[in-house]
Amino acid sequence: MTQLSRRSALKRTGALAATALAAGLLRPADALADWNKGAFESKTVADALKNLKIGAAADSKDILIRAPDIAENGAVVPVEIQSNIPGTRAIAVLIEKNPFPYVGTFDFAAGTLPFVALRVKMGETSNVRIVVATADGKFYAAVKEVKVTIGGCGG
Amino acid sequence: MIRTLALCAAAAVAAAAHVPPAAAQSKPPAVERDATTAEFEKFRAVLEADNPAELFEANGAELWKTPRGPKNASLERCDLGLGPGVVKGAYVQLPRYFADTGKVMDAEQRIVHCMVTLQGFDAAALARQPFSNETRTPDPVAITTFVAGQSRGMKIAPPQTHPQERATYAIGREIFFYRAGGYDFSCASCHGEDGKRIRTQQLPNFTRADEAIRSYQGWPGYRMTGGVMHTLQWRLWDCFRQQRFPEPGYVSDSLTALLTYLAVNARDQVYKGPGIKR
Amino acid sequence: MADPMKIRAKLEGDVLDVRVLMAHPMETGQRKDAAGNLVPLHFIQTITAQLNGKPVFEAETSQAISRNPVFGFKVKGAKAGDKLSITWTDNKGDKRTDETTVGSG
């Protein structure tokens, strides 16, 4: 279990911390279950978003998703996300058609650029859905479809 | 079969003192540059920028210098053709003739030879399960990946100065064109003509000087399917299997001959090091 | 203990462009081994990165991250000589920390 307490580690002002906690994307300090089991075990995007306490997310053209149009192998799909929305604090990644759509959340300290590159497993052609959380407690979303020729989840 | 081919090859070598080059082509290959192929090339380039193969290269480097085996020795005295312990540039100058064994050897075959003679490992044990799976990468695979990485950016340059090196090339060519098995396939059935493909994968023509490099490029390769590290020993074995041929022996001389044929055809092309494969 | 990570940290001006390659099977729990048995879930759950001891990047992740994961992130205000440290923990309680010192870019 990680010994880093995320809330104290990524220092924020009291107001932002409260808003961020309410937003649910930044995990509570000292909680034994830092890792959002409910979201990770959700089988639908809707359930995952509910567990992440993500409310209505406005579509945004300021979230840039760089991913292949066609992935040769769904086992290793490279995805890069850049958020140009001011005050971005976290980026959440979901793959709509995966058995468990929620893939993870990336939190940024004040001096870290709102950018992340990752490689994901995709079981089949699907939308990659990105949700951005900003410091003022708002959410924004964007999607990109990635076609998959060989599924990458199982054996 | 090998002995007959050796006799044929010896006769061929006696008759012609120089190695015939791969078929020279006056125009570029009739390769479909379709959108899917272009996408896949971009896809692999992104993954190769941070290649999990590097993890196996690092493991291989450790294995190279760690004293191991019944003789508790490292591989640092292993001669890959450029002198004991010289790893840089060795991979692209293989296969080649070795005086101490009196035969032409390829990279992995030579590495296994060093593991046996310097470290005391058992050859039969190494041959039992020589290919990687999701949970296990055999030591020769990691070491071959390390050795290959030390030739990154260098031109493919297997020597063809010794008569046995030339004879081995000729045998390799015979094997490449040899049709057999239930499907009456040869390597050339898929890799001997321009413009062939299997589903989404283009099949390079290895008889062309400008395409033969694609037999070597990216091998050893981190295969996305399964996330496993594979060398050319696996790739050739898998080709034989798909042609419904009997399986070639691990690090057997028939594979050395094929590898010699491919490497000589790919002469002067730049090898980019371990890559990513489907 | 797990194999070491490979950390590449390139300084472009004062932005540190970090790419980290981790050695981890990232088993989904869906894969069957040669004997036909399901291989249990085994995957990285948290990642944290610190620059000179100050947390700069954190993540919670699932088994849908690829085997032998690669992540990239960018930290502003870095300079040569800074210490970058990256830690992961997995669902079996294993963890791994690797460090690198920022070069002059």
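Every read-out reported here was derived from the displayed coordinates using simple, explicitly stated rules and does not represent laboratory data. Model, not experiment: these values are computed from the prediction. A quick note on method: Cβ atoms are made from the backbone with ideal geometry, for glycine too, and the neighbour counts reach across all protein chains shown.
Using a 10 Å cut-off on Cβ to Cβ distances, tally the other chain neighbours for every residue of B:130-138 and report the average as a whole number.
2
Hull surface divided by four, with the convex hull built on the Cα atoms of chain C: how many nm²?
6.8
Given chain B reduced to its alpha-carbon atoms as identical point scatterers, what log10 I(q)/I(0) does the Debye formula return at q = 0.08 Å⁻¹?
Debye intensities relative to I(0), on a log10 scale: -0.32.
Separation of the range C:38-70 and the range B:43-63 by C-alpha centroid, Å?
Distance between centres, Cα-based: 19 Å.
Would you list, by chain and number, the aspartates and glutamates whose Cα falls below 18 Å from the Cα of B:LYS65, excluding same-chain residues fewer than 8 positions away?
Qualifying aspartates and glutamates at Cα under 18 Å: B:GLU54, B:GLU57, B:GLU76, B:ASP79, B:GLU108, B:ASP139, C:ASP3.
I want the local charge near B:LEU236. Using Cβ-Cβ distances under 13 Å, sum +1 for each Lys or Arg and -1 for each Asp or Glu among the other residues.
-3
How large is the Kirkwood hydrodynamic radius of the range B:124-220, in angstrom, based on all distinct alpha carbon pairs?
Evaluated on the range B:124-220, it is 16.3 Å.
Would you kindly derive the ³J(HN,Hα) couplings of the range B:250-266 from the backbone phi angles with the Karplus curve 6.51 cos²θ - 1.76 cosθ + 1.60 (θ = phi - 60°), listing them in order in whole Hz, with x for Gly and Pro?
Computed from phi, the couplings for the range B:250-266 are 4, 6, 7, 5, 5, 6, 4, 5, 4, 5, 5, 4, 5, 5, 5, 4, 8 Hz.
Using 1/(1 + (r/R0)^6) with R0 = 56 angstrom and r between the beta carbons of B:CYS239 and A:ASP59, what's the FRET efficiency to the nearest 0.05?
Here the calculated transfer efficiency is 0.70.
Among all the lysines, which ones have a C-alpha under 30 Å from A:LYS50's C-alpha, if same-chain residues fewer than 8 places away are not counted?
A:LYS11, A:LYS37, A:LYS61, A:LYS97, A:LYS121, A:LYS138, A:LYS144, A:LYS147, C:LYS74, C:LYS92, C:LYS95
Could you tell me which of rounded, prolate or oblate describes the range A:37-116, using a ≥ b ≥ c as the square roots of the eigenvalues of the alpha-carbon gyration tensor, with rounded for a/c under 1.5 and, failing that, prolate when a/b is larger than b/c and oblate otherwise?
oblate
What's the magnitude of the charge dipole for the range B:233-278 around its Cα centre, counting Lys and Arg as +1 and Asp and Glu as -1 at the beta-carbon? Answer in Debye, nearest 20.
260
Rounded, prolate or oblate: which fits the protein assembly as shown, taking a ≥ b ≥ c as square roots of the Cα gyration tensor eigenvalues, rounded meaning a/c under 1.5, else prolate when a/b beats b/c?
Because a/c hits 1.5 or more and a/b exceeds b/c, the protein assembly as shown counts as prolate.
Kindly provide the helix-only [θ] at 222 nm of chain B, computed as the sum of -39,500 (n - 2.57) over DSSP H runs of four or more divided by all residues, to the nearest 500 deg cm²/dmol?
Rounded to the nearest 500, the figure is -12500 deg cm²/dmol.
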